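Written below as structure tokens is the structure these notes are about.
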Amino acid sequence: MLPIPYGAVFLLRTDFCSLNYMAFIGSLDQGTSSTRFMIFDVTGKVIGQHQLEHRQILPQAGWVEHDAQEIWERTQEVIAGALKQANILGSDLAAIGITNQRETTVAWDAVTGLPLHNAIVWQDTRTASYLDGFSEKIKSSITHKSGLAIAPYFSASKMNWLIKNCESVQHAIAAGTARFGTIDSWLLWNLSGGVRSGVHFTDVTNASRTLLMNLETLQWDTELLNHFEIPREVLPEIKSSAERYALTDPHGPLGSAVPISGILGDQHAAMVGQVCFARGESKTTYGTGNFALLNTGTDIVRSKNGLLTTVCYKFGNQPAMYALEGSVAVTGSAIQWLRDQLGIISSAAETENLASSVA
């Protein structure tokens, strides 16, 4: 198996199979701490890559935010850097895919093209008390339909907070210009032209992390939307994980109209990157958090032991494949905390010596 990095690349097979020997694939990996663009040739060899970090904004205890505009700027920079390193043009790419940090929520204005508030990150816990107010009956119904636990981790309560606490969001909703989505939607909208021609889509894997998508219908669920008081019109259309969503804007960072042909949340992309296509196959990823996913095939398996039920992937018109997921939210981010906040270490590598110094 090729040593494909964490959540880095997945391809629309119809596009990949039609490539000639001089064509290349681009993969945009937008993570919790950085953004990376990688370029692969048809053998899977990396011929160019560039990666940049973005700020972690911590307004108060339990709040974690990102500047979505900064993420878009970093995206443009890493695309340019990878193309330069590979010594190719955007027009040399047969297609690109997007993989992204999940649950992190962006609200933006379709007329100005600007975020209406900082993105609220998956790690953010500001909505915990709001969720505690749901009755056990409602919590049970939400979990059954969405497959997820009732937790501030997921997108729906973040959207509710933005609607109730941000005047610019309220005004944009009233004007009909508000757009909500996870990071994939924000990047897809910008890459496909933004205010000129941007499309507002997401894929089933990212939608399955919002508490708003029905696992059986693979669509936004009216009852779930009502529970969280979110108007359907602000949300993106749900698509499969592999199809041609749009072409990149020729005036954008690629300088050409390149098909955007795949979207997957990062942990789902890692499943595809590790070719976990058969029922029973699993992977564990070690990053900002740790995530173990188990492919359950076309069966929606509802855990009785605290695991999450999620969409694993869906390729075009093929049936959706599902997964069980167990996660530890804080692992690699704890290393960052030791380094950046406490100053106990100066580099992540030092943790190995510290760990081995005790019994």
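The values are calculated or read from the model by the stated rules, or taken from the named source; none is laboratory data. The structure displayed is predicted, hence computed values, not measured ones. Neighbour counts are summed over all protein chains in view; Cβ atoms, including those assigned to glycine, are modelled from backbone coordinates with ideal geometry. All accessible areas refer to the heavy atoms of the entire protein, side chains included, with ligands and DNA or RNA removed. Shrake-Rupley method; radii C 1.70, N 1.55, O 1.52, S 1.80 Å.
Would you list 124, 92, 67, 340 from the most to the least accessible area, probe 1.4 Å?
Ranking 124, 92, 67, 340 by accessible area, largest first, yields 340, 92, 67, 124.
Can you give me the Cα centroid spacing of segment 325-359 and segment 230-245 in angstrom?
About 37 Å separates the Cα centre of segment 325-359 from the one of segment 230-245.
Just how large is the dipole of segment 57-142 about the Cα centre, in debye to the nearest 20, putting +1 at every Lys and Arg Cβ and -1 at every Asp and Glu Cβ? It would help to have the intermediate numbers written out before the result.
Working: 6 positive and 11 negative charges, 48 e Å.
So the magnitude is around 220 debye.
Cα-Cα pairs above 27 Å in segment 108-249: how many percent? Write down the numbers at each step before the final one.
Values: 1839 of 10011 pairs.
Distances greater than 27 Å cover 18 percent of the Cα pairs.
Over all directions, what mean area does the Cα convex hull of segment 39-84 project, stated in square nanometres?
Numbers: hull surface 16.6 nm².
Computed as one quarter of the Cα hull surface, the answer is 4.2 nm².
Go from 0 up to the bin containing the longest alpha carbon distance in segment 247-314, width 5 Å each, and give me the % of pairs per bin.
4, 14, 21, 19, 13, 9, 9, 7, 3, 1, 0
What is the Rg over Rh value, at two decimals, for segment 206-269, using alpha-carbon atoms and the Kirkwood definition of Rh? Let's see the in-between values first.
On the way: Rg = 14.8 Å, Rh = 13.7 Å.
Rg divided by Rh gives 1.08.
In sequence order, what are the phi-derived ³J(HN,Hα) couplings for segment 348-354 according to the Karplus relation 6.51 cos²θ - 1.76 cosθ + 1.60 with θ = phi - 60°, rounded to whole Hz, with x for glycine and proline?
With coefficients 6.51, -1.76 and 1.60, one gets 4, 4, 5, 5, 5, 5, 4 Hz.
So what's the projected area for segment 228-359, the Cα convex hull averaged over all directions, in nm²? Don't skip to the answer; put the middle values down first.
Values: hull surface 54.5 nm².
About 13.6 nm², averaged over all directions.
Antiparallel versus total DSSP beta bridges in the chain: what percent is that, nearest 5? Mind dumping the intermediate values first?
Working: 44 of 60 bridges.
Antiparallel: roughly 75 percent of the beta bridges in the chain.
Would you give the gap between the C-alpha center of segment 250-270 and the C-alpha center of segment 64-123, rounded to a whole Å?
So the two Cα centres are separated by 10 Å.
Name the shape class, rounded, prolate or oblate, that the alpha-carbon gyration tensor gives for the chain, where a ≥ b ≥ c are the square roots of its eigenvalues, rounded holds for a/c under 1.5, and otherwise prolate holds if a/b is larger than b/c and oblate otherwise. Please report the intermediate quantities before stating the final value.
Details: a/c = 1.26, a/b = 1.14, b/c = 1.11.
Note, shape of the chain comes out rounded.
Would you grab the residues whose amide H sits under 5 Å from the one on residue 330? Only those 5+ places off in sequence or on another chain, please, with H modelled 1.01 Å from N.
Excluding prolines and chain starts, which carry no amide H, the hits are 290.
Give me a comma-separated list of calculated 3J(HN,Hα) values for segment 319-328, in order, Karplus coefficients 6.51, -1.76, 1.60 applied at θ = phi - 60°, integers in Hz, x for any Gly or Pro.
Working through the residues one at a time gives x, 5, 9, 10, 8, 9, 9, x, 9, 10 Hz.
Projecting each Cα onto the charge dipole of the chain (Lys/Arg +1, Asp/Glu -1 at the beta carbon, about the Cα centre), which of 254, 147, 206 comes out farthest on the positive side?
My answer, from the dipole projection, is 147.
Picking from 236, 319, 59, which is most flexible by a Gaussian network model of the chain using Cα springs under 10 Å?
Answer for the Gaussian network model of the chain: 59.
If you take every DSSP beta bridge whose two residues both sit in segment 14-162, what share of them, in percent to the nearest 5, is antiparallel? Walk me through the numbers before you get to the answer.
Values: 18 of 25 bridges.
Bridges in segment 14-162 are about 70 percent antiparallel.
Do you know the relative contact order of the chain, to the nearest whole percent, from alpha carbon pairs under 8 angstrom that are 6+ apart?
Numbers: 766 pairs, mean separation 57.5, N = 359.
Answer for the chain is 16 percent.
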